[in-house]
Amino acid sequence: MAVAFSEKTKERFKAILAKYPEKGAALLPAMWLAQKEFSVITPEVEEYVAKLLGVPLVRVHEVLTFYTMYAAKPLGKYHLQLCTNISCTLLGAEDILEHLKDKLQIGAGETTPDKKFTLSTVECLGYCGTAPVLQVNDDFHENLTTKKVDELLAKLK
Amino acid sequence: MPTLTIDDQQVTVDQGTTILEAAKKLGIAIPHFCYHPRLTKVDACRMCLVEVKDAPKLVTSCSNAVRDNMVVFTGTPKVEEARKSILEFILINHPLDCPICDKAGECTLQDYYFRYSSQPSRFKDNKVEKHKVVDLGAKMVLDSERCVVCGRCVRFCREVVGEENLGIFNRGDHSEIGTYPGKKIEHNYQGNLVDVCPVGALTAKDFRFKCRSWLLCKADTICPGCSNGCNAVVHFTLRSFNGIKGQRVFRLTPRENNDVNKIWLCDVGRWGYSFVDSIDRLTTPALKKGEDFVKGDWDTALRETASGLKTVVERYGPSAVGVIPSPHLTNEDLYALKCLFSCVLKVANIDFKLPGLDKGEGDKLLLKADRHPNTRGAELLGLSGTGLSAEAMMEKVKTGEIRALYLAGSDPVKYIGEKAEEALSRAELLIFQGTNFSASCKLAHVILPGATFVEKEGTFTNYQGRLQKINKALEPLGEALADWEIFTRLGKRLGAYPSYRCAEEVFKDMAREVAPFNGLSYQKIGPQGIKIADSSQ
Amino acid sequence: MPEPILSRNFSKKNAHTLGVYIQGGGYEALKKALTEMKPEQIIQEVDKSGLKGRGGAGFPVGKKWSFIPKEAPKPKYLVINADEGEPGTYKDRPIMECDPHAVVEGAIITCFAVGIHWAGIYVRGEYVKSIERLEGAINEAYAKGYLGKNILETGFDLDMVVHRGAGAYICGEETGLLESFEGKKGQPRMKPPFPAIVGLFQGPTVINNVESIAAIPHIVKNGGEWFNGLGAPGIGGGVKLFPVSGHVKKPGVYELPMGTPLREIIYKHAGGIRGDKKLKAVIPGGASAPVLKPEEIDVPMEYANLAKIGSMMGSGAVIVMDEDTDLVKTLRVLMCFYAHESCGKCTPCREGTGWMAKIIKRIEKGEGESADLDTIVSIANGIRGRTLCPLGDAAVGPALSFVTKFRQEFEDYIKVGAG
């Protein structure tokens, strides 16, 4: 079945579109809406978004593969994104990473078999003063220690 | 107009000219990958860096416009070092297997490496692996590992064809060109993607691995694929390779002509050359004996033709003869034909306009609906409207009023179908002169083998009224002859006819006799052609 | 200690709401600018303030504005660069989270000064809270008549949009950002034409960093000279936010006079090195700034002074490394970052960053040789000054400085391994 936005999302999309002087500029926001609605930007979603905005399909795919935050593959319920850039690494991000791999029994870029967790390493998240930092979906967990990681994982159902 | 100095030579150029273009004017070639004179500039490859006096850094010559009194150096140690470095960067992830690459011999990267670098690789790590042998479209194949991400192909599709169907995916050294997964390029200009690709990333299915580029000879020609008259180069050889026996023509590539085809060629035209060496080429004169054709020599075939025509004219008058020439023929061929039939035999029924001749599918860019290179020439030579129309001739052949029909390269069955087939089969004398066997040819009593566009000299007049020249690259296959020569030989047997020895002699007569050609010569036509008339009505 | 300006609302409760912001004197500068000042006067004040672009390039803000043609065939635009992605940098985030109205107010004044009627804030995709707060502030401003048609009954119109990025460091580069804003990959554009002439949607475009824009209301309210005077004596240029991270006792964002010595930032404000260890190295302006050795930290944190010693001010993000830091690993982290973030458009950056990352990874694995260090230097020199945008040079900064300034440590690592 062809994908389509819900009525509510369509309204939101319309409102977004109205804000931009050029329609094509709404591609990134439209893909955010799509990701929220469909979780994954599948080929059907790409086609839908391309049609919605009247932009070439190939451009949607360029955008999907260029930016790191759009999901072309399904993610776990919790997307654990560990910053491994300089400030976090100076303060032990690699130990946290090893700990997470150990606990979840997956490598970076992988999802647990129960689809609960996806583990990713990411570049600087802008929380350098409270490093190391882990982004879980839209929440940030700062000043991480392995102990805090254990507590956090226990809380994530 | 700014005047600047490049490598100690002064040059004055238009405002807005780039350093690279100004240098070109002086004959100084600056290496580049992403720059293409017909595409937008992107400043990406950085191969064209040059030194500008008082500039803190090297500048890209492809994108920076010249300024008055600018002093540019294109060969300083700094520039040479930069070129070496850029080439080293490109080559770290590029396969170092030129000998097995089909682009070898005509690869910009290979040429630049030998000219500007020639240093061994310092790269010790693993190369990035990318997609190989990607079926990008019906006409070409992509090897991403050979791609230098110059983006010319992407811009060509977007800017010239007007289709955004190629993109560059991912980023950094994982950047890869491609179509949307699963989609293919379908437009009629895929061959140009291969042309604009400076390396072995995009290769044409029709050509790849058939012949090494350095074994090919080249000759200027005009694409015969439609009335647009795109300027082209034919690549050919007289040797047989790789078991591809008998193939002499290997490809057509575009030749720059701003007034006609810019620097492009469509796929229909580019890959329409295969008839030249195809199995159905007519290579010897032949005569119908019962149901079969029997190979004959020119003498016999011309004797049969001449006597047949003579008999019909003598017994029934010239109105019992019909001639349907093809606008595939050159002006010289058509003029020689006209001299023969109109002047010598006084035949009025000459018409090249078969119905549907101009009903192919054209496009907005180059390809015209009329798939004949010399329709305008045939018009200017008055090869229509002097007697019966081609269609009416068919009727009269059927009723027997026209007894002899001469098909010069034309194939009425192709355009009219069954009706023509029926008519032609009733003709008392049907002469077919042409390059390849066809449905009309099948019904002929005499077959006279003609030369193709690469086997003869001559001129075409394109739809704009531009006269352009084709050249003889190859000898006609077998015993085939240029059409003007066939008419000359026939003419001799039928009355007073000039003894033309070459196409140029025909042209000279034509230039004297036919108004639009007055005063012209092959020399005056030049490599870019010359406008002699308006576009057709 | 003088009153904080840029960070005054960082710890104030509900300062992100319009009410609290107005209580603190918010939007007074807007009223002054729109009702008492001419656009040229505003630009003059900003010129006098010595405010230089806080994103990293350090271009004088007033001058940037003056490049915008008065009459243009296409609409003019303001784009606020909130794609804070330079490793070590986290100064724009607290502004957007805690003081979003300062950004909105600064943006309205900027648009009025330059004659712009559409402004967009490009926020990196990860900054979810910043986006929420900015959108909240914009909605409040619309409701209050600070945005939209006929602002403060002056006839001035302005619309404002928050545009969310999607994960790409290169979008912090201004032309990459414009491409991304237009719904494309964030690949930098060829310059010229510069954005001031052909920018967003082909129109003349001002691009300013969040911190620069947030300073504008203060400059308008108190005058350019006042702001300039807040900088260190003889240096000027106002105050700046310095985000400090790494091995310090008190990491955080410090608002200090432009020209504050680096040593003072590390040892006084950030409390010195953790565990009172020795300092090994410090990056003064975000990951792209060439690293400094302990003997170089008396440098005033200011554009020209840092350039003089071969580094740069960048975003002003100070990253501190103590004596135990493994510099091979640290450089590997940075090189992998640049290789990952290179947009792939121009050759030297696309290929060079990836090559350097591969070499340093191999060295870290214990498979390096001394000649590899020379190769890194030569790759870096091959990138330097030859790329389409500054990302190439950004990668060169750490690569060259780490390997040349700490060559012995790298040599030792190659010979005997880590530690």
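The values are calculated or read from the model by the stated rules, or taken from the named source; none is laboratory data. Computed from a predicted model, the values in this text were never measured in an experiment. So basically every Cβ, Gly included, is an ideal-geometry build from the backbone, and we count neighbours across all protein chains shown.
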Just checking, does the stretch C:7-19 include any residue being buried (at least 16 other Cβ atoms within 10 Å of the Cβ), over 18 Å from the mean Cα position of the chain (by Cα) and not in a loop (DSSP other than H, G, I, E, B)? yes
In the list C:K191, C:K184, C:K221, which residue meets the criterion of being surrounded by fewer than 24 Cβ atoms within 10 Å (Cβ to Cβ), within 29 Å of A:V58 (Cβ to Cβ) and either away from chain A (no Cβ under 12 Å) or in contact with a strand residue (DSSP E or B) (Cβ under 7 Å, 6 or more places away or on another chain) (or both)? C:K191
What number goes with the only condition from (1) among the polar types (S, T, N, Q); (2) closer than 20 Å to B:V160 by Cα; (3) assigned to a loop (DSSP other than H, G, I, E, B); (4) more than 12 Å from the chain's Cα centre (by Cα) that B:T283 does not pass? (2)
B:P198 being on the phi < 0 side of the Ramachandran plot, surrounded by 23 or more Cβ atoms within 10 Å (Cβ to Cβ) and either within 14 Å of chain C (Cβ to nearest Cβ) or more than 21 Å from the chain's Cα centre (by Cα) (or both): yes
Taking the condition of being within 19 Å of the chain's Cα centre (by Cα) and outside any loop (DSSP other than H, G, I, E, B), how many residues in the stretch C:180-216 meet it? 14
Has the stretch C:132-143 got any residue that is touching a strand residue (DSSP E or B) at 6+ places or on another chain (Cβ under 9 Å) and assigned to a loop (DSSP other than H, G, I, E, B)? no
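Among the residues of the stretch C:92-101, are any assigned to a loop (DSSP other than H, G, I, E, B) and either touching a strand residue (DSSP E or B) at 6+ places or on another chain (Cβ under 8 Å) or outside the structural domain of C:I22 (by TED's automatic domain parsing) (or both)? I'd like the intermediate steps shown before the answer.
Our first condition is that a residue be assigned to a loop (DSSP other than H, G, I, E, B); within the stretch C:92-101, this holds for C:99.
Filter once more, keeping what is either touching a strand residue (DSSP E or B) at 6+ places or on another chain (Cβ under 8 Å) or outside the structural domain of C:I22 (by TED's automatic domain parsing) (or both): none.
No, the conditions are met nowhere in the stretch C:92-101.
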Out of (1) touching a strand residue (DSSP E or B) at 6+ places or on another chain (Cβ under 6 Å); (2) more than 21 Å from B:F275 (Cα to Cα), the one B:L329 does not meet is (2)
Going through (1) farther than 28 Å from C:L391 by Cα; (2) within 18 Å of the chain's Cα centre (by Cα); (3) within 14 Å of chain A (Cβ to nearest Cβ) one by one, C:Y142 fails only at (2)
Can you find, within the stretch B:66-86, the residue that is nearest to the other protein chains (Cβ to nearest Cβ) among those that are touching a residue at least 24 places away in the same chain (Cβ under 8 Å) and either acidic (D, E) or out of contact with any Leu (no Cβ under 8 Å at 6 or more places or on another chain) (or both)? B:K84
Residue within the stretch B:277-297 that is over 20 Å from B:Y406 (Cβ atoms), of a type outside the set (D, E, K, R) and crowded, with 18+ Cβ neighbours inside 10 Å present: no
Answer yes if at least one residue in the stretch A:102-119 is out of contact with any strand residue (DSSP E or B) (no Cβ under 6 Å at 6 or more places or on another chain), under 30 Å from C:V318 (Cβ atoms) and of a type in the set (D, E, K, R), and no otherwise. no
Of all residues in the stretch C:257-287, how many are on the phi < 0 side of the Ramachandran plot, touching a Lys or Arg at 6+ places or on another chain (Cβ under 7 Å) and more than 13 Å from chain A (Cβ to nearest Cβ)? 1
Matching residues in the stretch C:343-358 - criterion: being over 22 Å from the mean Cα position of the chain (by Cα) and either surrounded by 24 or more Cβ atoms within 10 Å (Cβ to Cβ) or more than 7 Å from chain B (Cβ to nearest Cβ) (or both): C:G344, C:K345, C:C346, C:T347, C:P348, C:R350, C:E351, C:G352, C:G354, C:W355, C:M356, C:A357
Which condition does A:F66 not pass, out of (1) buried (at least 19 other Cβ atoms within 10 Å of the Cβ); (2) touching a residue at least 24 places away in the same chain (Cβ under 8 Å); (3) over 20 Å from A:F140 (Cβ atoms), if it passes all the others? (2)
Among C:V104, C:V162, the single one that is in a helix (DSSP H, G or I) and either over 25 Å from C:G85 (Cα atoms) or not charged (D, E, K, R) (or both) is C:V104
Only unsatisfied item for B:G382, checking (1) at pLDDT 95 or above; (2) outside any loop (DSSP other than H, G, I, E, B); (3) within 24 Å of B:P224 (Cβ to Cβ), is (2)
Can you confirm whether C:I80 is in contact with a helix residue (DSSP H, G or I) (Cβ under 8 Å, 6 or more places away or on another chain), under 21 Å from A:A26 (Cα atoms) and away from chain A (no Cβ under 14 Å)? yes
I want to confirm something. Restricting to the stretch C:294-342 and keeping residues that are among the acidic types (D, E) and over 20 Å from the mean Cα position of the chain (by Cα), which single residue is farthest from the other protein chains (Cβ to nearest Cβ)? C:D298
Within the stretch C:99-132, how many residues are surrounded by fewer than 23 Cβ atoms within 10 Å (Cβ to Cβ), within 29 Å of A:E123 (Cα to Cα) and touching a residue at least 60 places away in the same chain (Cβ under 8 Å)? 0
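How many residues does the stretch A:73-86 hold that are in contact with a helix residue (DSSP H, G or I) (Cβ under 7 Å, 6 or more places away or on another chain) and either away from chain C (no Cβ under 12 Å) or hydroxyl-bearing (S, T, Y) (or both)?
3
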